Amino acid sequence: MALGMLWEHDNRGYVNRLGWIQLFGEYTVLVGELCRRRELVRGEKVFLMATYLVAYRQLKAPLIMGEADEGADFLIEMMNQHPVYRRYFMVFLRDWQRDLQQERPQSEQGWHQVFNYRRLMQALLMSADLPEIIARQITNQSNQDEQ
């Protein structure tokens with residue numbers, strides 16, 4: 001499943017005569033379901049969360065069929081489960097933000113990555129359940145303490 005998510009490049013949502021084929025969104029649902037299982041230890045859950053974030057970040061096609069909302073729901077649920085998930089997300093987010101600030105997109109695919117990032121951050125900020133420390137990180141406000 002992790003390899004499938006990392007190799008996913010088909011972002012189509014609805015296809016005539018086939019219906020909804022939104023596979024990236026389904027990966028989000030699947031990862032969320034797996035992470036709710038008590039049999040998985042924190043390391044396995046961090047691995048799934050990391051795989052999801054890397055797959056989302058590297059996707060060079062626009063995610064415009066609700067994937068950002070599903071991703072935000074999954075990430076917030078994880079971050080509210082345990083501080084280790086919040087800390088991992090903060091480190092990942094810092095790197096992601098730094099890379100976006102250092103490079104100007106030179107292609108259509110690069111711009112899709114920028115706007116996919118923005119859609120995910122907006123979806124996160126719209127949730128009342130988002131930890132405050134993460135909201136400050138997204139909006140580039142200083143974080144005095146990591147909870």
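The values are calculated or read from the model by the stated rules, or taken from the named source; none is laboratory data. What you see is a predicted model, and the numbers here were worked out from it, not measured in a lab. Please note: Cβ atoms are built from the backbone with ideal geometry, for glycine as well, and neighbour counts cover all protein chains shown. Side chains included, ligands, DNA and RNA excluded: accessible areas come from the protein's heavy atoms. Shrake-Rupley method; radii C 1.70, N 1.55, O 1.52, S 1.80 Å.
If I ask for residues that are in a helix (DSSP H, G or I) and open to solvent by less than 20 Å² (accessible area, probe 1.4 Å), which ones from the stretch 51-73 would you list? Before you say what the answer is, go through the steps one by one.
Start the filter on the stretch 51-73 by keeping residues that are in a helix (DSSP H, G or I), which leaves 51-58, 67-73.
THR51, TYR52, LEU53, ALA55, TYR56, GLU67, ALA68, GLY71, ALA72 - these are the residues of the stretch 51-73 that are in a helix (DSSP H, G or I) and open to solvent by less than 20 Å² (accessible area, probe 1.4 Å).
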Subset of the stretch 112-132 [open to solvent by less than 100 Å² (accessible area, probe 1.4 Å) and closer than 22 Å to LYS60 by Cβ] = HIS112, GLN113, VAL114, PHE115, ASN116, TYR117, ARG119, LEU120, MET121, ALA123, LEU124
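To keep it simple, each residue is scored yes or no on (1) within 17 Å of CYS35 (Cβ to Cβ); (2) not hydrophobic (A, V, I, L, M, F, W, C).
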site	(1), (2)
ALA68	no, no
ASP73	yes, yes
TYR85	yes, yes
TYR88	yes, yes
GLU108	no, yes
ARG118	no, yes
ILE138	no, no
ask   = Which ones in the stretch 94-109 are surrounded by 14 or more Cβ atoms within 10 Å (Cβ to Cβ), of a type outside the set (Phe, Trp, Tyr) and modelled with pLDDT of 95 or more?
value = GLN97
ask   = Using beta carbons and a limit of 8 Å, which pairs, at least six apart or on different chains, have the first residue in the stretch 124-140 and in contact (Cβ under 8 Å) with a residue 24 or more places away in the chain and charged (D, E, K, R) and the second one in a helix (DSSP H, G or I) and surrounded by 11 or more Cβ atoms within 10 Å (Cβ to Cβ)?
value = ASP129/ILE76
